[in-house]
Every structure is written in structure tokens, then in C-alpha cells.
1. Mind telling me which of the residues B:Ser314, B:Ser324, B:Ser370 ends up being in contact with a Leu (Cβ under 7 Å, 6 or more places away or on another chain) and under 25 Å from B:Glu81 (Cβ atoms)?
2. Restricting to the stretch B:127-153, name every residue that is closer than 15 Å to B:Gln234 by Cβ and among the aliphatic types (A, V, I, L, M).
3. Suppose the filter is under 24 Å from B:Gln135 (Cβ atoms) and β-branched (Val, Ile, Thr); does B:Ile325 pass it?
4. Cβ-Cβ below 7 Å, separation at least six or inter-chain, first residue in the stretch A:153-173 and within 23 Å of A:Pro86 (Cα to Cα), second among the hydroxyl-bearing types (Ser, Thr, Tyr) and part of a loop (DSSP other than H, G, I, E, B): which pairs?
5. Of B:Ser305, B:Ser309, B:Ser294, which residue is buried (at least 20 other Cβ atoms within 10 Å of the Cβ) and at pLDDT 90 or above?
6. For the stretch B:1-22, give me the residue count where each residue is open to solvent by 40 Å² or more (accessible area, probe 1.4 Å) and more than 14 Å from chain A (Cβ to nearest Cβ).
7. Residues in the stretch B:23-33 that are in contact with a helix residue (DSSP H, G or I) (Cβ under 7 Å, 6 or more places away or on another chain) and open to solvent by 20 Å² or more (accessible area, probe 1.4 Å): how many?
8. Looking at B:Gly90, B:Gly36, B:Gly97, B:Gly43 in this structure, which one is open to solvent by 20 Å² or more (accessible area, probe 1.4 Å) and part of a loop (DSSP other than H, G, I, E, B)?
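The values are calculated or read from the model by the stated rules, or taken from the named source; none is laboratory data. All figures in this text were calculated on a predicted structure; none of them were measured in a lab. Cβ placement follows ideal geometry from the backbone for every residue including glycine, while neighbour counts extend to all protein chains displayed. Keep in mind that these areas ignore ligands, DNA and RNA; they rest on the heavy atoms of the full protein, side chains included. Shrake-Rupley method; radii C 1.70, N 1.55, O 1.52, S 1.80 Å.
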Amino acid sequence: MQFDFSSEQKELQTSVRRFFTDNSPNSAARGVLESTAGHDESLWKKVGEQGFLAAAIPEAQGGVGAGYLELCVVAQEAGRALAALPTVSSIYQAAEFLMAVGTPEQQAKWLPRLASGEAIGTVAVTEAAGPLNPKAITTRVTNQRLTGTKLPVADGSAADFAIVAAKDEHSGISLFIAELAADGVERTPVETVDPSRKHARLDFDGAVVEPLGAPGEGLALIERIRDRAAVLTAFEQIGGAQAALDMARDYALQRFAFGRQIGSFQAIKHMLADMYVSLELARSNAYYGAWALSVDSDRLPAAAASARVAATQAYQLCAANNIQVHGGMGFTWEFDCHLHYRRSNYLALALGGPSHWEERLIESVRVNPALKAA
Amino acid sequence: MNFDDTPEEAAFRSKARDWISANAPRELHAGLSKLGFGQSDAGVGDPMQAAKQWQKKKQEGGWAALRWPREYGGAGASAIEQVIWQSEEGAYAKLGGAFTIGLGMCGPTLMTWGTEEDKRKRLPKLASGEEIWCQLFSEPIAGSDLAGIRTRAAPEGDEWVVNGQKIWTSGAKESDWGLLIARTDTGVAKHRGLTMFFLDMKSPGVEVRPIKQMNGDAHFNEVYFTDVRIPDAQRLGAVGQGWTVALTTLMNERMSIGGSMPTGFDELLNYAEEIETEHGRAINDPRVRSRLASYAVKATGLQYSAYRSISALSRGEEPGPENSIGKLVAGSMLQDVSRFALDLQGEYGLIIDEKLSPDNARFQRMLMRSPATRIEGGSDEILRNIIAERVLGLPADIRVDKDVAFDRIPTAASAGGR
Ligand SMILES: Cc1cc2nc3c(=O)[nH]c(=O)nc-3n(C[C@H](O)[C@H](O)[C@H](O)COP(=O)(O)OP(=O)(O)OC[C@H]3O[C@@H](n4cnc5c(N)ncnc54)[C@H](O)[C@@H]3O)c2cc1C
């Protein structure tokens, strides 16, 4: 057993962190938040050149072929830097769907471009409030043509294609690839809690699509890919939680009240200690998820759900308490506290909300009660 | 990142497994498995005798005090091997309660500060369970503020004469030896006037009085010292260096308590599969599942955090204050889990009679024992202070007793209290 990242992976982390510090200051995320831009295009281009997000895509498909542990390291730094990038949609999901069930043609067409950042893919599943279930999907495909509405779709305005869950002719739920610049597709920006990662409404009116994966297997596939995406997203969440904790700690050291640093009041110290504890529990769960993802373990469903539940709790706690520590200043538009507050709540709901993952955790623990490592 | 056993680790595991299946007291297994948190009586014969037999057998087989060097009765094993042993020992580990303080805290302190002769004489008997140790630190006036203790040790020839009182001393009644911190100088700041000793608990002038705990047990005790004589050769560290020596003990306490804390999660999960609620079996009730999920990530988070520290340890890094999270999380979780389990039982949950209560009154016992976990060995508040100050770098609490001679520090008495 060696339950940590290797020294090479830690070196990678140092250089990725330096890259994001130089190229993605909080002001960059704020720039996207305050504009109509879909994402930070210049950062996306540079990340593509570096190949950071292509870590887990094989070389033969235009990726770097390093592995998932490396991708986890990058995700953590992207989260820490609040990077305004389509990571969750294009890398953690679209690329994973293609690698899992894409035909050689589909893979050849899209994977190299996803790896380099030339193209963006997304996933369009949700149509209505409430959890994902077959009844909640009314979008329909007949004769390779898609009709219906998906809302909200992450990076829906910027994406080149979407992987769409829709009813097929046999009434099961299947997946389809829809190119979004094609006829019969209308995209409308949607306001969400975190405009540094834009969302859109997609209206399909007879748009031409091609199937992805086996018919009727849509929901099972979505679950399978979400397990993988959950681990990667958990690393973004712990990166963000760490940044929020660091901000709060720094402010507690610098702000004075009653003639002393506010960080010398136990109420503040203990709040920060609780944030730290929550983050460390999340980090340990995320490490286990990273291991399970990297070796394709049969414990991945339980590991992914644990990573996801713990990371969501930690980021939401750290982001909310960061505002609390900052007092009135924390509630201003000008201070960056709300960027983490927004991001923590967006990431909490992407891939299905906390209660969905709690549910999945208990289901997988029952199937595989060996929570223990050995 | 590798979670699987290496070939060497796998070999160690199967060797441990074979040895346990050939040597463990199998007749106790069922009783031990049913025991709740903090219980050690498997219900077959004298628990202390069973504990000592198992410890002795382990030591003879080379499975006791795993990380200690062989010349002191240990097995010279690595941190990871110790974890593997613990997971294989399973329920039998519950027999070892009486030795935890000796093996986990007193032994390592002696190892760091004792003379070669002390170590060769005492440690092997500790490892084999022949001698039990206790930790004589807390006093009525000073627990969290350990450096405020008042038990006096005065030099007389090549001996020290000890007078005063300790309290909350776990296992003192059964103990052969004690690790004692005492004040040897009242005219200097409190941390500087302390000295550490070890003593024979049968020494004249030592009187042990059990204290009945809120859960009805009496594991902790008051210990009175009246002109107790300790040879100077049983001093650990220099005169006035007691605080530094105590930090060795406390650091090991954190590792041994925090590293392998039970949280109650496994018990609750199993129980939720059994008990019926108005929505069928509890495990099928979404409210129950949501609570279980929150507990699950704490339990796994602690477990994997322990693996992270062991990995760090195996790379030669020192265990740091990060390990404080173990007991902090587990303490309130045990309390919360037990309340939740009782809630699932409805009014029936009131019953603590083991013969009537479902699941051997396991959760009722947990309810009544868990408040102690949040206090013993560093309260929740002290642990949060440690994390805030030593991990996050926040300012220390403002102290009114800093740089003040011990005999001038304000107390309840000097403030006009009782
Ligand atoms: C079951 C059990 C077994 C024990 N076994 C042993 C043993 O074997 N040997 C031994 O030496 N001791 C033992 N103890 C004693 C234990 O270590 C002390 O009880 C503990 O350190 C707390 O000290 P106290 O009881 O004096 O409480 P106090 O220190 O008086 O604390 C009272 C309250 O004040 C809070 N508080 C104190 N200081 C601060 C601060 N700076 N900031 C914020 N809050 C603060 C505490 O958190 C607590 O809530 C045992 C205790 C228990 C419950």
C-alpha cells in the first residue's frame, strides 16, 4: 500500500499550480462571470496546448496517455484556481462517453479535438426539476432526428456537440450525438447560480443525430460515466474548498477586531478547524476514488459516491464559512468569496445533487460491503 | 497510489491470518463480536485473564507490540504491517483494552526517555501483558491545562517524595506501573517546573479509589499519594523537563487513539438492514439512507486518512497534529450514531437491559460511553485549538498565565470561588 500521489505526480501538481496561478487568477473567472463569454477562451487554448486535460486520453486518440491520477491532480488545481473552463462537460464526461462506447469513427472524429481543446463536448440529460428518471425524459428520436428541449446544459452555447439522452423508437432511453451548429438546434443562454460556468437551453426541432452506444442503455451508461466524472469533479471540489479555506485563514490573520486578530477568537478558530476537518475527510475519500478510477476497481461506484458526497459537503461548508469569516466584506460583489460560493453550489448539482449521490453510496455499499481497503 | 497489498504485505497478511486461526481463543469470538464500544467482557470466564492469555500468546508468537524492537519484546514490524495485523486480528483486538495505555503511550515514552536497563527490564513485560501500566497525568485541578498539575515531588537523597492526587486514571486499579508527572518547582512558569517519573503502583502510600462513571462502569480512578518514595533512577528526562517528556506521551496517544477509532458506522449499517420501520426495513427508508451516507463518508474519510498518515510514516515523515482529526470526528459521530439508532427503535430504544434490548443494547451502551470520547485524551475544543494553531497557523489563545510563576497563577480559589 502507498496511499498518496507519487513524487512525479506531485511535481506535475506544482507545475500545473504555477500554470494556473499565472494564467487563471480569480479575476479571470470573474471576467467570465461578468460577461457573456461562455468560458475563458484564452486559458482553454493554453490548457489545450499544454495537454493538461488530455492526461487520461490515450496517445493514439490525440491525448497524453498519462492516466487518471494525473487528471485528478489537474482537476484539483483547476478547482483551486476557479478555472472558467468546460472541464466537467467536455473532459470528465463527453470524452469519457466516447472512450467508453464511441465507435472508432466517433472517437477519431472527436477525441483528438477534445484533447487539444479545439472542440468542446457536453452532455444534455436534464429536462425538468427533480432527479433523473426515465419518465423525466420526453425528448425523442425518430428516423435519426431529435425533437425536444434540454435544460440546463452546461457549456451548451460553446459546445460543438452534445451527448443527448432521448427516447428512441423502442421507448428505451438511448444516447445520441447531436452537432450543435446544425439545422434544427436553437441555443439560448440560461442564467444560473454560477455564470463562470455558463449553461444554455437547447431546443431541438428535427436535428440530425447519430446513436452513441447500445440502444436502450442510456441511463445505465450515464450512471457509469458519472461515477468516473464524480471522482474528477470531487478533485475540483477539494481544490476549491482548499482555496476557500486558505482565503478565510489569511483574512482571519489580517483582520483586527477588539484589538486583536479575529483569528485569535476561538469561535473563528474552531470554525476554521471544522472546515479543515471536513476538507481532510473529503481529500481522503477523493484519494480512494482516484485509486479506484485509476485501476478500474469494482469498488468504483462506492468510492466515487463517497468522494462525491464528502467533497460536496466540504466545498459547500468552506465556501459558506469563508463568507462568514469575511463579515460584510464577504457579501460584496467585489470580494471573491461569492465566486467560491457559486462554484461550490454549481458543482454540488452537476452530475446530480447530493441526495442522489447519498442514495447511490448506500446502494453500492450494500452491494459491496467491503468499505475497508483490505 | 496503490491500495492493494504488495507481495510482501500479502505474505505478511496470510502469515498473520494463519497464526490467528491456529492460536486465537475461538470460543470467545462470538461474544467479542457482539461487544459494544468500550466493553471488553466476552461473557466467558474472567475477562482480564482472557486478555492476559491472548497478549502473552501473541508475544510468544512474535505478534505483540509489533512496531517495537525485538530486544524490548516487540516484533520490529513496520507501520503498515501493524495495520494489516489489526485488520486481521479483528474482534480479538477487543481483548486488549487493558494494555492500550501501556502499549500506546507509556511504553513509547519509556522507549524515548528511559535508560537501556529500564527498557530491557520493563518493556518486554509490558509487551507480554504481564505488567499493566497507567497514565497518572490529570488532576482535579488540571486536565486540559495539564501543565497546571499540583502533585509535588520533593528530592530527598537519591529519592523523590511524592504527595498529591491524580484523577481519571484509567485502569489504575489493575496497574502494576504508572507514568507520573509531578511538580518539582513552583517558583518558575508552569511548564518549566515539571518532572516525569515511573513508579511501582504497589509502593507504600499509593491509594487507588475507583470512581463510578456515568455509564455505571468504574474504569477510571482517583489515585492518592502520601509520602510515596520513588528512586531517582526512575526519573524520565531531566528535572524540569517533564513537559517535554509528556509531549512524547501525548503525541503517541494521538496516534494510538486517533488512528484506529471506532465510529459506530458498521454497526449502524448492519442494524439498518435488520430493523423494521413504518417504511419497511430501515435501510430502505430514504431518511435513514441519507443519514447513513453522511456517516459513511466520515467513517471512510477517517479510515483513508489513517492510511495516508501510515503512508507518510512509511516514507519517514513524523506524525503531526493532523492526526487530531481522528478522535474529534469519531467522538461526536459515536454519540450521534447511537442517538439515531435509538430513534429507529422508538420508545423501545430506552431499554438498556442487554437481554431485552435489540442488538445486545449495543447502541444504548455506545450512547452512555461516547461522551467520554469527546473528553479523554484532549477534549473536542482542545483538538480544534490544536488544528487551528498548529495546522492552520492561527494565533494561540491569549493566556493570562504565561510567564507567571506557577504559585502566582489565578485559580478558582484565588478568584474567591470554591
Ligand atoms: C473515560 C476517561 C478516561 C480518562 N483516562 C485518563 C487517564 O488514564 N489518565 C489521565 O491522566 N487522564 C485521563 N482522563 C482525563 C482526561 O484527559 C481529562 O478529563 C481531559 O483532559 C479534560 O480535562 P478536565 O476533565 O480537567 O476538563 P477541563 O480541562 O476542566 O475542561 C472542561 C471544559 O472546558 C473546555 N476547555 C478547557 N480548556 C479550554 C481551552 N483552552 N479552550 C477551549 N475550551 C477549553 C474543555 O474542552 C471542556 O469542555 C480520562 C478522562 C475520561 C473521561
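1. Answer to the check: B:Ser324.
2. B:Leu136, B:Ala153 - these are the residues of the stretch B:127-153 that are closer than 15 Å to B:Gln234 by Cβ and among the aliphatic types (A, V, I, L, M).
3. yes
4. That search, which allows pairs on different chains as well, returns A:Val164/A:Thr139; A:Ala166/A:Thr139.
5. B:Ser305
6. Final tally of qualifying residues: 5.
7. Total satisfying the criteria: 4.
8. Step by step, each of B:Gly90, B:Gly36, B:Gly97, B:Gly43 is checked, and only B:Gly43 is open to solvent by 20 Å² or more (accessible area, probe 1.4 Å) and part of a loop (DSSP other than H, G, I, E, B).
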